[in-house]
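Visitor: Handing you a structure now.
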Amino acid sequence: MDEKDISRAVIRRLPRYYRYLGELIEDGVERISSNELSARMHVTASQIRQDLNNFGGFGQQGYGYNVKYLHMEIAKILGLDRTHKMIIVGAGNLGQALANYVQFEKQSFKVIGLFDVNPVLKGLSVRGIEIRMIDQLESFVRENDVEIATLTLPKSKAMEMADRLVKCGIKAIWNFAHTDLDLTVPSSVIVENVHLSESLMRLSYNLSHYQKEHPQGGNTQ
């Protein structure tokens, strides 16, 4: 099957497979069946096999999956077999929190630059990464062959900055601004919109409905 025909639902599950397989490696597990992986992930064994068959299967009947091999192959599918250079535009609380997240580098995303307009932040460092002023953006992106920009800006500034990033050669934008940038940037630029408030609203919805269905908090005594 051509990868362009693979459903978004399958693609959304791949990082979960990658994470669980990484945990299995840490636990010293060398091989696992789809049934055993199903019990850990709460995804049916049939769904696991269907998902992985989109990319070649990787399992052997009667043996299951070689955990390290499958982890490595999913890393290749996700593009994690090479380092992606990333900058963060907006060095406020969220931007600095993301820069401090060491797990990115373990997953092949290397934050190499932080940018802001606030002169008070100029020259400060977050985990060894210097905060630069925004007038250095274009030259830094070109000189360092940056692929990904993370935006932690107000909605009013995000579209203008996205346009600026596209013009200086950024290939992908991880957008935390409260607007959908994929509707405005060229289709050649990949955008992943992250709406934290929507995730919290989904949590609120599920909590409200659980409480309606279990008015005593699930206490059966």
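The values are calculated or read from the model by the stated rules, or taken from the named source; none is laboratory data. These figures come from a predicted structure and were not determined experimentally. As a convention, Cβ positions derive from the backbone with ideal geometry for all residues, glycine included, and neighbour counts pool all protein chains shown. With ligands, DNA and RNA removed, areas are computed over all heavy atoms of the protein, side chains included. Shrake-Rupley method; radii C 1.70, N 1.55, O 1.52, S 1.80 Å.
Visitor: Please state which of the following conditions E30 fails to meet, knowing it meets all the rest: (1) under 30 Å from D145 (Cβ atoms); (2) exposed (fewer than 15 other Cβ atoms within 10 Å of the Cβ); (3) in contact with a strand residue (DSSP E or B) (Cβ under 8 Å, 6 or more places away or on another chain).
Guide: (1)
Visitor: Which one is farthest from R19 (Cα to Cα), of the residues in the range 94-111 that are in contact (Cβ under 8 Å) with a residue 12 or more places away in the chain, part of a helix (DSSP H, G or I) and hydrophobic (A, V, I, L, M, F, W, C)?
Guide: Going through the qualifying residues, I end up with L94.
Visitor: Being among the hydrophobic types (A, V, I, L, M, F, W, C), without any contact (Cβ under 8 Å) to a residue 24 or more places away in the chain and either part of a helix (DSSP H, G or I) or within 30 Å of M161 (Cα to Cα) (or both) narrows it down to one of I11, I25, I88, so name that one.
Guide: I11
For (1) within 30 Å of V120 (Cα to Cα); (2) among the hydrophobic types (A, V, I, L, M, F, W, C), each residue gets a yes or a no:
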position: G28; (1), (2): no, no
position: A45; (1), (2): no, yes
position: Q50; (1), (2): no, no
position: G56; (1), (2): no, no
position: Q60; (1), (2): no, no
position: Y69; (1), (2): no, no
position: V89; (1), (2): yes, yes
position: Q96; (1), (2): yes, no
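Visitor: Another question about this same structure. Return the residues of the range 143-156 that are at pLDDT 95 or above, outside any loop (DSSP other than H, G, I, E, B) and open to solvent by 40 Å² or more (accessible area, probe 1.4 Å); say none if nothing qualifies.
Guide: If the condition is that a residue be at pLDDT 95 or above, outside any loop (DSSP other than H, G, I, E, B) and open to solvent by 40 Å² or more (accessible area, probe 1.4 Å), then E143, N144 are the ones that fit.
Visitor: Which residue pairs have Cβ atoms closer than 7 Å, lie 6 or more positions apart in sequence or on different chains, and pair a first residue in the range 48-64 that is over 16 Å from S38 (Cβ atoms) with a second residue that is of a type in the set (K, R) and surrounded by 17 or more Cβ atoms within 10 Å (Cβ to Cβ)?
Guide: Pairs that qualify, where the first residue is over 16 Å from S38 (Cβ atoms) and the partner is of a type in the set (K, R) and surrounded by 17 or more Cβ atoms within 10 Å (Cβ to Cβ): there are none.
Visitor: Condition test on I190, is it under 28 Å from R19 (Cα atoms), among the hydrophobic types (A, V, I, L, M, F, W, C), under 20 Å from the mean Cα position of the chain (by Cα) and open to solvent by 40 Å² or more (accessible area, probe 1.4 Å)? Before you say what the answer is, go through the steps one by one.
Guide: Values: under 28 Å from R19 (Cα atoms): yes; among the hydrophobic types (A, V, I, L, M, F, W, C): yes; under 20 Å from the mean Cα position of the chain (by Cα): yes; open to solvent by 40 Å² or more (accessible area, probe 1.4 Å): yes.
Here the answer is yes, as I190 does meet what is asked.
Visitor: Something else about it: How many of the residues making up the range 77-125 are within 22 Å of K157 (Cα to Cα), loosely packed, with under 13 Cβ neighbours inside 10 Å and among the aliphatic types (A, V, I, L, M)?
Guide: The total comes to 2.
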